[in-house]
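Structure, as structure tokens:
The values are calculated or read from the model by the stated rules, or taken from the named source; none is laboratory data. Note that this is a predicted model, so its numbers are computed, not measured. Cβ: placed from backbone, ideal geometry, glycine included. Neighbour counts: every protein chain shown. When the accessible area is computed, the model is the full protein with side chains, heavy atoms only, and any ligands, DNA or RNA have been set aside. Shrake-Rupley method; radii C 1.70, N 1.55, O 1.52, S 1.80 Å.
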Amino acid sequence: MPLVSISNVDMRYGGPQGTLAVSGLDMAIERGEFVAVVGPSGCGKSTLMKLVTGLHIPQAGVVTVAGDRVTKPVSIVGMAFQNPTMLPWRTTLDNILLPLEIVERHRHRLRANKKEYVAKAEALLETVGLKGFGDKFPWQLSGGMQQRANLCRALIHEPELLMLDEPFGALDAFTREELWCVIRDLHASQDVTIVLVTHDLRESVFLADTVYVMSARPGRVVAEHRVPFARPRD
Ligand code: ADP
Ligand code: ADP
């Protein structure tokens with residue numbers, strides 16, 4: 001059974017006469033797969049992400065994650081949004097720990113092992129090139145640095161499913177390619193399924209096993225490409 005299954009999904013915003021954002025959407029994402037979704041602005045990439053994470057419920061069709069029909073926000077997911085959404089009154093480190101405070105079963109662990117999680121957050125900051133920035137507030141970081149911190153926040157609870165919505169958009173080319181390697185290593189070394197939304201075809205082919213191409217009005221999948229050199233996972 002696929003980890004994520006999207007069957008014949010329609011999502012319309014703004015009532016029955018509103019915009020049909022995606023229509024007849026079908027996608028099956030296997031456990032451990034690295035999927036990229038590419039397509040022009042407005043083709044429904046963000047809508048797709050929100051349907052999988054349970055932030056939107058479709059008017060027609062079914063979305064399941066780990067066999068359960070999605071009817072509310074899903075807790076096994078880590079998500080990094082395109083626009084960094086850090087809480088301005090918290091330090092970078094405390095922003096990264098946020099998912100642990102939200103999900104009940106992590107909350108206990110955080111209370112009991114705060115030191116361990118702080119160390120883990122600091123290690124993540126180091127992998128994205130932000131060693132020592134944990135005590136800065138978001139407004140003290142550049143856009144690219146906030147985006148990297150957001151990635152740490154998506155990873156702190158070791159999600160089974162990692163959803164990345166244009167996570168590298170604000171990065172300079174040098175940092176971006178370094179982060180591609182961070183994500184690729186993460187995928188190779190851990191049991192994580194990744195869905196990446198991007199405008200960057202090169203990025204999609206470099207990172208993913210499968211690339212879905214979407215087109216707009218209404219949003220739908222028009223092509224599916226298996227990257228020939230995708231490495232099999234052990
Ligand atoms: P993408 O992420 O590929 O740019 P979106 O999923 O954001 O595409 O949008 C798909 C379509 O749905 C677009 O036509 C967009 O204008 C519309 N849309 C997205 N969010 C909303 C919303 N909250 N209200 C009304 N229309 C929306
Ligand atoms: P970006 O390329 O991510 O937009 P900037 O050009 O704003 O980054 O910053 C360049 C470098 O300056 C950063 O990589 C970082 O090392 C340093 N820097 C930026 N903001 C701060 C800050 N608030 N405190 C310390 N160093 C910073």
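Summary table
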item	result
Within region 1-121: Cβ-based charge dipole about Cα centre, in debye rounded to nearest 20 (Lys, Arg +1; Asp, Glu -1)	500
Within region 94-134: Cβ-based charge dipole about Cα centre, in debye rounded to nearest 20 (Lys, Arg +1; Asp, Glu -1)	180
Amide proton proximity set for residue 19, modelled H, under 5 Å, gap of 5+	13
Cα extents of the chain along the three principal axes, largest first (Å)	47, 37, 36
By average C-beta atoms within 10 angstrom, highest first, the peptides 198-207, 132-141	198-207, 132-141
Cα-centre dipole for the chain with unit charges at Cβ (Lys and Arg positive, Asp and Glu negative), debye to 20	520
Ellipticity estimate at 222 nm from DSSP helix runs (n ≥ 4, -39,500 (n - 2.57)) divided over the chain, nearest 500	-10000 deg cm²/dmol
Per residue value of the accessible surface for the chain (all protein chains in place, 1.4 Å probe), Å²	50
Antiparallel %, DSSP beta bridges [both residues in region 50-194], to 5	25
The chain: relative contact order as a whole-number percent, Cα under 8 Å and 6+ apart	29
Positive-end extreme of charge dipole, the chain - chosen from 22, 39, 130 (charges on Cβ)	22
Filter on 72/114; 50/115; 45/114; 50/120 - keep pairs with C-alpha separation over 31 Å	50/115; 45/114
Ordering of 208-221, 171-184 by packing [mean C-beta count within 10 Å, highest first]	208-221, 171-184
